[in-house]
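To start, the structure under review is shown below, and the notes come after it.
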C-alpha cells in the first residue's frame, strides 16, 4: 500500500521550527539558511493545504491545528533518532554523545576525567561544546547539558551530581613570599577577579569580617578559568571553586591558606531533554558523572 506522506525534509524543518518557535533558531540548529526553512515550511503548507504558522512581524506562532500536529510528529522524530542510534550500536557504528557544558567546568573538571568514561565506552564519540548560555537559550539540541542548579526548565529532567564551595587559593610559592595568616594579610596581595562573577571577592571579604579591605592591586580577567591559571602561576589570589581546584590542591599546585569562611555555591547539574532520558548512552554518561562527583565529596 502506498503511503501518502509529505517530504521528510519539510517535516523535519517544521518540527524544528515549531519546537523552537523560530525560523531563525531552526535554521541554526539544522545548519541551513533562514530562507531554506521558510521554503520548506511553505512546501509543507502547500502539501497539507492549510497554514502551519501565524506570521506576526518577526515572530511565528503555531496555529492550533499545527500545534496538535507537532505534538504527534515530534516524538516520531525522536523515536527515529533513537532507533537509528540503536541500529548503529548493534552494527558496530560509533555513537556520538553531544554535551554542552560551562567552559571552566569543562576545562578543569570534565576533561581531566573524561579518559575514564572513554575507556569504558571506546565505541562512543563525544562532542563537547562550551557555553554559558542558559539551557533554554541554546539553539541546538544536546543529549546532556551541564549547568549550575538546581533549576527547572520545561522539557528537561534535572539531576545534580557535584557540589562545591568557594575559597581563596594561591600558589605555594606566593605564600612563601607573602604569607597569609589572616584575611587582613590580603592587603599585601593581588586579588584576581573574573568579570563574569564580579562580587565573589566582595562577598567573601564581607563574610570574613573585612568588608572594607583594599588589596595591594587587583587584576580582572574575562574568563573565570584564567583567574585560576593566574593563581597557579603565582600572580595573585583567586576565589577557587572547591570542586574545580581539588586536583590542584591535591597536587600542590595551589593551597587554600584559610580554614574559612567558605562561600556557598550552586551545584553542577545535568539537564537532559525529556525524550532522551531513557537513552542508554545518556543514562550511562549521567551515572558516570554522578559517580565521579560522589567520589570527590
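The values are calculated or read from the model by the stated rules, or taken from the named source; none is laboratory data. None of the values given here were measured: they were computed from a predicted structure. No Cβ is skipped: glycine too gets one built from the backbone with ideal geometry, and neighbour counts run over all protein chains shown.
Could you identify the single residue in 176, 159 that is modelled with pLDDT of 90 or more and under 17 Å from residue 254 (Cβ atoms)?
Selected residue: 176, the only one of 176, 159 that is modelled with pLDDT of 90 or more and under 17 Å from residue 254 (Cβ atoms).
For region 54-83, how many residues are closer than 18 Å to residue 12 by Cβ and in a helix (DSSP H, G or I)?
Of the residues in region 54-83, 17 are closer than 18 Å to residue 12 by Cβ and in a helix (DSSP H, G or I).
Find the residue count for region 196-242, including only residues that are within 22 Å of residue 112 (Cβ to Cβ), crowded, with 21+ Cβ neighbours inside 10 Å and touching a residue at least 40 places away in the same chain (Cβ under 8 Å).
Total meeting the criteria: 7.
I'd like to verify a number: residues in region 129-177 that are loosely packed, with under 14 Cβ neighbours inside 10 Å, free of Cβ contacts under 8 Å to residues at least 60 places away in the same chain and touching a strand residue (DSSP E or B) at 6+ places or on another chain (Cβ under 7 Å), how many?
1
Output yes when any residue across region 99-111 is at pLDDT below 80 and buried (at least 16 other Cβ atoms within 10 Å of the Cβ), and no when none is.
No; the residues of region 99-111 include none that is at pLDDT below 80 and buried (at least 16 other Cβ atoms within 10 Å of the Cβ).
Looking at (1) outside the structural domain of residue 141 (by TED's automatic domain parsing); (2) within 15 Å of residue 112 (Cα to Cα); (3) modelled with pLDDT of 95 or more, which is the only condition residue 289 fails?
(1)
Within region 259-274, identify whether any single residue is at pLDDT below 95, in a helix (DSSP H, G or I) and not assigned by TED's automatic domain parsing to the domain that holds residue 191, and answer yes or no.
Checked against the condition, which is being at pLDDT below 95, in a helix (DSSP H, G or I) and not assigned by TED's automatic domain parsing to the domain that holds residue 191, region 259-274 yields at least one hit.
Just to be sure I understand, how many residues within region 243-279 are under 22 Å from the mean Cα position of the chain (by Cα), surrounded by fewer than 16 Cβ atoms within 10 Å (Cβ to Cβ) and without any contact (Cβ under 8 Å) to a residue 60 or more places away in the chain?
1
Within region 192-234, work out how many residues are within 22 Å of residue 260 (Cα to Cα), touching a helix residue (DSSP H, G or I) at 6+ places or on another chain (Cβ under 9 Å) and not in a helix (DSSP H, G or I).
Summing the residues that are within 22 Å of residue 260 (Cα to Cα), touching a helix residue (DSSP H, G or I) at 6+ places or on another chain (Cβ under 9 Å) and not in a helix (DSSP H, G or I) in region 192-234 gives 15.
Identify, by number, the condition in (1) under 13 Å from residue 192 (Cα atoms); (2) in a helix (DSSP H, G or I) that residue 239 doesn't meet.
(2)
For region 115-128, what are the residues that are surrounded by fewer than 16 Cβ atoms within 10 Å (Cβ to Cβ) and closer than 22 Å to residue 225 by Cα?
115, 127
State whether one or more residues within region 54-75 are on the phi < 0 side of the Ramachandran plot and within 26 Å of the chain's Cα centre (by Cα).
Scanning region 54-75, I find at least one residue that is on the phi < 0 side of the Ramachandran plot and within 26 Å of the chain's Cα centre (by Cα), so the answer is yes.
Evaluate region 13-24: report whether one residue or more is part of a helix (DSSP H, G or I) and surrounded by fewer than 13 Cβ atoms within 10 Å (Cβ to Cβ).
No.
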